Amino acid sequence: MTGPLILPDDVQTATPESIHPTHEQIARTSLEAHQTLMAMSAENTARFKDVTQFLAEDLKNLEKAS
């Protein structure tokens, strides 16, 4: 291939803020990802229940602190 790289409209490029995410951003993204996995199957619900509870509590504490 030659020529400029053209990305689809729905592709998000990295910005300086996303290169160094905050603890809160990481917790929120991790929580959302695990909730999505849990919604996909009952087996995942059992597997990730404790993780999502921890992440939700961590995120709540981080929001209180800011």
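Of all residues in region 47-66, those satisfying the criterion of being assigned to a helix (DSSP H, G or I) and of a type in the set (S, T, N, Q) are Thr52, Gln53, Asn61.
Sub-7 Å Cβ pairs linking a first residue in region 21-46 that is in a helix (DSSP H, G or I) to a second residue that is of a type in the set (Phe, Trp, Tyr) and surrounded by 11 or more Cβ atoms within 10 Å (Cβ to Cβ), at least 6 apart or interchain, are His34/Phe48; Leu37/Phe48; Met38/Phe48, ordered by first then second residue. From the list Leu62, Leu31, Leu5, the lone residue that is touching a helix residue (DSSP H, G or I) at 6+ places or on another chain (Cβ under 6 Å) and modelled with pLDDT under 95 is Leu62.
The values are calculated or read from the model by the stated rules, or taken from the named source; none is laboratory data. Just so it is clear, the structure is predicted and the values come from calculations on it, not from any experiment. Here the Cβ is made from the backbone with ideal geometry for all residues, glycine too, and neighbour counts use every protein chain on show.
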